[in-house]
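Peer 1: What follows is a single structure, and I will ask about it in a moment.
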Amino acid sequence: MLAGYMTVTETAEKWNINRRTVQIMCNDGRIEGVEKFGKFWAIPEDAERPKDHRITSGKYKDWRNK
């Protein structure tokens, strides 16, 4: 890999998340400085993990019953 960059697998291990999640973050542009070379993503070694935007408050529960 390129110097100063990590692969999707290395990033997933570093951030303790799934490889597919990292790929989705790259595709959505949520990681700063990410580059795509052919079919591979190059993620900067100093990139910070983006905030998780999934709902964790529970406010979505029983939304159909309102």
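Peer 1: Out of everything in segment 1-20 that is outside any helix (DSSP H, G or I) and either within 17 Å of residue 54 (Cα to Cα) or without any contact (Cβ under 8 Å) to a residue 12 or more places away in the chain (or both), what residue ends up being farthest from the chain's Cα centre (by Cα)?
Peer 2: Top of the filtered list is 3.
Peer 1: Which residues, counting only those in segment 6-23, are of a type outside the set (Gly, Ala, Ser) and open to solvent by less than 70 Å² (accessible area, probe 1.4 Å)?
Peer 2: Scanning segment 6-23 gives 6, 7, 8, 9, 11, 15, 17, 21, 22, 23.
Peer 1: Cβ-Cβ below 8 Å, separation at least six or inter-chain, first residue in segment 21-38 and assigned to a helix (DSSP H, G or I), second among the hydroxyl-bearing types (Ser, Thr, Tyr) and open to solvent by less than 60 Å² (accessible area, probe 1.4 Å): which pairs?
Peer 2: From segment 21-38, the pairs are 22/11.
Peer 1: Within segment 39-66, take every residue that is outside any loop (DSSP other than H, G, I, E, B) and not polar (S, T, N, Q) and give me the one that is modelled with the lowest pLDDT.
Peer 2: Out of the qualifying residues, it is 63.
The values are calculated or read from the model by the stated rules, or taken from the named source; none is laboratory data. Here the structure is a predicted model, which means the values were calculated and not measured. We place every Cβ from the backbone using ideal geometry, glycine too, and count neighbours over all the protein chains shown. Heavy atoms of the whole protein, side chains included, go into the accessibility calculation; ligands, DNA and RNA do not. Shrake-Rupley method; radii C 1.70, N 1.55, O 1.52, S 1.80 Å.
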